[in-house]
Structures are given as structure tokens and as C-alpha cells.
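Since the structure comes first, as C-alpha cells, the remarks are kept for the end.
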Amino acid sequence: MATYDAIVIGGGHNGLVTACYLARAKWKVLVLERRYIVGGACVSEETFPGYKVSTAAYVNSLFRPEIIRDLHLKDYGFELLERSPSSFSPFLDGRYLMLGPDHDLTLREIAKFSHKDAENYPRYEAMLERVASVIEPTLELSPPNVAKPGLVDLLKMAPLGRAMQKLGPGMSEAIEVLTGPARPILDRWFESEELKGTLATDAIIGAFASPSMPGTAYVLFHHVMGETNGKRGVWAYVKGGMGGLTQALANAARDLGVVVRTNAEVARINVSDDKVCGVTMSDGTELESLRVASGVDCNVTFNQLLDRADVPADFLAAINRIDYSSASMKINVALASLPSFTACPGSDPGPQHHGTVHLVPDQDFIERGFDDAKYGRPSADPIVEMCLPSAVDPSVAPPGRHLASMFVQYAPYALADGPWTDARKDAFADRCFEIVEQYAPGFRASVIDRQVLSPVDLEQTFNLTGGNIFQGSMALHQLFMFRPVPGFAGYRMPVRGLYLCGAAAHPGGGVMGAAGWNAAREMIKRYGRGHA
């Protein structure tokens, strides 16, 4: 029986980060990935001949710069390609709005729709940055145990309390951003629906919610929280697709001595005397370790990989209350040419192709899309966000060809009148293409091939319960000290030797790497260094 100091289940970006940091501490580490390729939902695949498709995750900003430095990822080919502008919103009346990262350009663009909004926008950004200054340091913390707090847990809360106090009168505004709906905040700051609609799309990414629902404001400040090449708030493509990050992590891990196996599906986490003792593979092979870090979500970890008798009943009941609601569809498209937008014509790569294309006229459009989804219907008018990475990174498509990455709301995981059949997926994708066609005539004629991934497909492909890309809702009751459940936010689970190292743990979803980094730190703190 092979023996390791730690076994990591899942070769996603968080699992690979955990493995790297444990190996740096001289642990003997094994990573087991069920698919043929490492990366989890952060991969590049040749879905179409000659294309490097970011199958699921598609842009980067939140991945921790400290991890990039510590693991020397640039030495392994990891490169971030900045997008300028960061977003482009065409409108059917022939106008358009471009935002970021050029400050002066952003204000000029907003002023086309409202001089008042252009005056308010810097203050709005400053407000979000103040909130981010409080929240960002918590990404690298192990949250306190609120169920049974000790002195250490109370001490962990002190810096957060002091940071909130420094906000002064802005504290109430920060609390609203962290807990409230996005729409009232945007309505208070701005008058232009074109601007508000563009910003509101950031509040619903991956969420089964509309901008008028509590919790959606939390996502709004993410665009000022990350960084690219040292520039705050700048979002980027990874050269060669998102797999450029996870392949760099995997190569760094191997150089640190980590054993990385693909096509290696774990069937069971083995427990003896209330302690982890290893895993059993789907082919029956047993691997021994007294420490297992799970990068998969809580439903898979505790309901599928563990025997119910090995998990405390009250903990399992809390785990089973986690919300995995999802209504996100990913459509990857091979194109003969870039779309030419009526509002900003041209099929040669231009600024209108560099950032995220928002096809949202106003906030009500989003609300109506959600109205369909909450009754189990795909949106009659889907909210389409489209990225065209080949306009910035020609390496992801054959010469003269292009690639589109569409992230679409709302396509409910559970439909009211039957399953997601291929016919239903194609019909919904056709409707999305019709919407793009309204803004960029000729788009459909340029399509060479496409891949349509419903929430059910995301679940089956990436082992994401409900197709939830965050491994569980990012609502307040499932964040920080409450993630995954109160009392177990410190990565260490009630089964001795078992840790969570993926997005199911704090700080949650997004390509950050923080959960994997934090979990490794807690494991080293508990068991020490030099186990190899």
C-alpha cells in the first residue's frame, strides 16, 4: 500500500496550491484528479481542433500575487495579458460604453450618458476600495470558530473589528455592500441605466439571484479587489487560456516532488477510529495517508466519498443545508472572424473586442431574465456576457480564426418541465446567438462550432454539485466564518486528518488560490514540517 504524508483530492487550482505549499514544507504529497487533465474548472482544452478553450473559468484577476511569487509561476510560463478596456457595452440605439482600466477614458465614456454619473464614479470606486481594504486581508486568514470561540478566535476578530472602525461613517455603507442587494446601491449612485446595467451584471455572476436580491452587492467590489501585474482592479486573460495557470501550478508541484495523477478517481475516503487513513480508488487500489485535503465540494466530500457513519450527524445536517442553486451556462464558440458591432463596427481586433462584452440594456432586463429562472424556465431573454480572448491572445485560436467565451444567465439547473436535453441546450444557445446577432449582425454566420455546457454538464464534467461554479452559494450566510458551516471555517473538518482546500472553504469561489494556500498553512501548523 502506497503511503503519503498528504493526499489531495482534486487537481483544481486550489488543490495544486495546497500540494505545492505542503511539498515546500517537505511533505510527501499525492494529487488525485478524476479527469484526464489537471485544473478542475480552470483548464484549457482543445475542444475544437487548433483552439485552446478555457472550458469553464475564463478571466483572471483574483489569483493571489503572493502565490505567483512564492511558486515562481512565471518561470513555468504563466503570463497575464491585460485587457484594455476591460468592458464594452454596445446598445441597440448605436451608442456604446467602454470601462476601465484607463481612468480618463472611463469618465469620458460615462459622461456620454450622464455627466453626473461621471462625477460620481470616482467616489463610487473609492467607496468600493474602502470596503475591499477591509475584506481583502481576510482572504488570507483562517476564519474564527464562532460555534465554540476561544481566545485565538476572538483575537482573529480583532483586526477585522479595527478595520471596520477605521471606516467611520462609511461602516454602514460597507455593511450594505457586504450584505445587501446591488440594485439600490447602483440606483443611489447613478442615473444612467446603461451604466447601471453594465455594473449590475457583475453582481449576478454565478448566482441564482437578481440585482434586487440581498447578497448581490458583495460581488460588486471584486473588480477593485484583484490585480494584474501589480495593477489593482485590472482583469486579464491567461496566455494560452486558463489552463496556463494550472499547468504552471502542476509543473511547479512536480518540481517540488509532488506526485500528480490524472484519470485517478477517488471512490472513498477511508476512516478508522474516527481518523482518516487514506483513500480507495475507483479501481479498488488503496492509498494510505493520515491527512487528506479535499478540493471537491462538501456534498461530494461528505455524502459521496465518506460513509455517513463516519461523519457527525449534526455536522452532516448543516452540510446538507448548503445552497448549490445555479443558473449559469457556458457556451464556447469557434469563430471565423470577430463580431462587428453596429455600435462600433470592425472585425479586426480593436478595443471593443478586448474586454468583456455586456449585452444588457438596463437592470430591468436582468430582473426579467431572473423572473423566468425562479419558476424553472430558461430566460426568454438571456443575460449574455461574451469574451473574445483571441483578440488579445492570438495563441488560443488558429491563424485568422477567433474564439468566443460566453457566460450566460439564467439557465436553471432544475427545469420545471423536464431535463436539459441536447435539444433544449441548442434552443437556448440559439436564443443567445440571436441576442448577439442583434448587436453584431453576421455573428451567426461566423460560427464554426460551439460547445454548450448547461449547469448539469458543469456538474457532471467538473464534479460541481448543482453546476454551482463556487462550490456553494456566496451569500453572506455561507461566507467567512460560516463557510462551509459555522464551527468548521478553519479548513479542519470533524473527521480527524480531513481538511477542505477548495472553494467550498473560505474565501469561496473564483480563481484565487487562497483556500488552497490557507488550508496548507493550517495543515503545516497542525502537523509540522519535514514529514517526507
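The values are calculated or read from the model by the stated rules, or taken from the named source; none is laboratory data. Computed from a predicted model, the values in this text were never measured in an experiment. Every residue, glycine among them, receives a Cβ derived from its backbone with ideal geometry; neighbour counts consider all protein chains shown. Note: areas computed on protein heavy atoms with side chains; ligands, DNA, RNA excluded. Shrake-Rupley method; radii C 1.70, N 1.55, O 1.52, S 1.80 Å.
Some observations on this one:
- Just the protein heavy atoms count here, and of the accessible area of segment 180-247 at 1.4 Å, carbon and sulfur take up 58 percent.
- Distance (nanometres) between label positions extended 7 Å along Cα→Cβ at Asp348 and Glu129: 3.6 nm
- Rolling a 1.4 Å probe over the protein chains gives Lys156 an accessible area of about 60 Å².
- Mean-position separation - Cα centroids, segment 102-149 and segment 509-531, in angstrom: 28 Å
- Whole-Å distance, taken between Cα centres, linking segment 186-239 and segment 312-384: 13 Å
- For Arg492, net neighbour charge (Lys/Arg +1, Asp/Glu -1) across residues whose Cβ lies under 11 Å away: +3
- The Cα-based radius of gyration and maximum Cα-Cα distance (Dmax) for segment 99-218 are 16.9, 55 Å.
- Selection from Thr465, Leu195, Met164 lying farthest towards where the dipole of the chain points positive, charges on Cβ: Met164
- Pairwise FRET efficiency - Ala2 versus Leu92, Cβ, R0 = 41 Å, nearest 0.05: 0.10
- In order along segment 6-22, phi translates into HN-Hα couplings of 8, 10, 9, 8, x, x, x, 4, 5, x, 5, 4, 4, 4, 4, 5, 5 Hz, rounded to whole numbers, per the Karplus curve 6.51 cos²θ - 1.76 cosθ + 1.60 with θ = phi - 60° and x for Gly and Pro.
- 20 Å reach of a label modelled at Asp449, 7 Å along Cα-to-Cβ, counting backbone N of segment 409-442: 422-423, 425-427, 429-430, 433
- For Lys374, a cut-off of 25 angstrom between C-alpha atoms picks up these lysines, skipping any fewer than 8 places away in its own chain: Lys196, Lys330, Lys425.
- Each Lys and Arg contributes +1 and each Asp and Glu -1, all at the Cβ; summed about the Cα centre of segment 258-379, the dipole is approximately 180 debye.
- Set of lysines near Lys148 by C-alpha distance (under 22 Å), chain-local residues within fewer than 8 positions excluded: Lys156, Lys275, Lys525
- Net length gained if the chain between Leu155 and Asp314 were fully extended (0.36 nm per residue, minus Cα distance): 54.5 nm
- Degrees between helix 243-255 axis and first principal axis of the chain (Cα, 0 to 90, nearest 10): 20 degrees
- Accessible surface of segment 348-416, 1.4 Å probe, proportion on carbon and sulfur as whole %: 52 percent
- Theoretical gain in end-to-end length, Leu476 to Asp323 [0.36 nm per residue, Cα-Cα removed]: 53.9 nm
- With all protein chains modelled, accessible area of Ile205 [1.4 Å, Å²]: 40 Å²
- FRET efficiency, 1/(1 + (r/R0)^6) with R0 41 Å, evaluated for Glu288 and Leu107 via beta carbons: 0.10
- The label-point distance for Ser395 and Glu82, in a model that sets each label 7 Å from Cα toward Cβ, rounds to 1.9 nm.
- To the nearest 10, the accessible area of Leu249 is 0 Å² with a 1.4 Å probe.
- Extension gain for Val259-Ser172 works out to 26.5 nm (0.36 nm per residue, less the C-alpha to C-alpha distance).
- Derived scalar couplings between HN and Hα for segment 453-466 equal 10, 6, x, 5, 5, 4, 4, 6, 6, 10, 6, 9, 3, x Hz in order, rounded to whole Hz, by the Karplus curve 6.51 cos²θ - 1.76 cosθ + 1.60 (θ = phi - 60°), x for Gly and Pro.
- Helix-only arithmetic for the chain: the sum of -39500 (n - 2.57) across DSSP H runs with n ≥ 4, divided by the residue total, places the mean residue ellipticity at 222 nm at -9500 deg cm²/dmol.
- Helix axis angle, 151-166 relative to the chain longest principal axis, alpha carbon, degrees: 20 degrees
- Cβ-derived FRET efficiency at R0 25 Å, Glu46 paired with Thr280, nearest 0.05: 0.20
- Calculated accessible area for segment 143-237 comes out at 43 Å² per residue, all protein chains present (probe 1.4 Å; ligands, DNA, RNA ignored).
- Positive dipole terminus of segment 1-128, leading residue within Ala118, Leu30, Cys42 (C-beta point charges): Leu30
- Radius 11 Å from Cβ of Ile204, net charge of other residues (Lys, Arg +1; Asp, Glu -1): -2
- Principal-axis tilt of helix 422-439 within the chain, Cα atoms, nearest 10 degrees: 40 degrees
- In straight-distance terms, cross-link reach from Lys231 covers every one of the aspartates and glutamates whose alpha-carbon lies under 17 Å from its own, apart from those fewer than eight places away in the same chain; here that gives Glu66, Glu79, Glu82, Asp102, Asp104, Glu125, Glu129, Glu136.
- For Leu32, neighbours were defined as the other residues whose beta-carbon sits under 15 Å from its Cβ, and their charges (Lys and Arg +1, Asp and Glu -1) total +1.
- Fraction of accessible area attributable to carbon and sulfur, segment 1-136 (%, probe 1.4 Å): 50 percent
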